[in-house]
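All of the numbers you see were taken from the coordinates with simple rules; none came from a lab. What you see is a predicted model; the values in this text were computed from it and never measured. Heads up, the Cβs are rebuilt from the backbone with ideal geometry, glycines too, and the neighbour counts pull from every protein chain shown.
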Amino acid sequence: MTRILLIEDNRDLAYGLRNNLEIEGYDVEVAHDGVAGLRMFSNVKPDLTILDIMLPQLDGFRVLKTLRQKYRHRQSRKHDEHHRNRDRQIDCPFKESIERILEGLFP
């Protein structure tokens, strides 16, 4: 099952996103601040992380920067080369599910 880590401090929004993602068949873990999100990332090892920018304790930009620094060594040189040369378009297997969920939340 695909694991998603949702880092979102708005508990109502996190609840709605989690429920909708679980209905779509994803395993979702939620952290409500940046520090908890970093801790959970190490334990959960998610396939996808949905990260809010304005978070308490550690904002989303710092969370992302920390994750990139900490896990950079896991990426191979071939992986880096591939991503350096690819178009700005991002292929995401979750794109249709996420768009459908967001349309339902924000009609």
| note | Scalar couplings 3J(HN,Hα) for region 29-39 by Karplus 6.51 cos²θ - 1.76 cosθ + 1.60 (θ = phi - 60°), nearest whole Hz, x for Gly and Pro, are 10, 10, 10, 9, 7, x, 5, 5, x, 4, 4
| query | Taking amide hydrogens as modeled 1.01 Å from N in the peptide plane, which residues meet the under 5 Å criterion relative to I50, leaving out close sequence neighbours? | reply | L5, L6, I7
| query | Rounded, prolate or oblate: which one fits region 10-66, using the alpha carbon gyration tensor with axes a ≥ b ≥ c (rounded when a/c is under 1.5, else prolate when a/b beats b/c, else oblate)? | reply | oblate
| note | For E96, placing the label point 7 angstrom along Cα-to-beta-carbon and taking region 26-40, residues whose amide nitrogen sits under 16 Å are 26
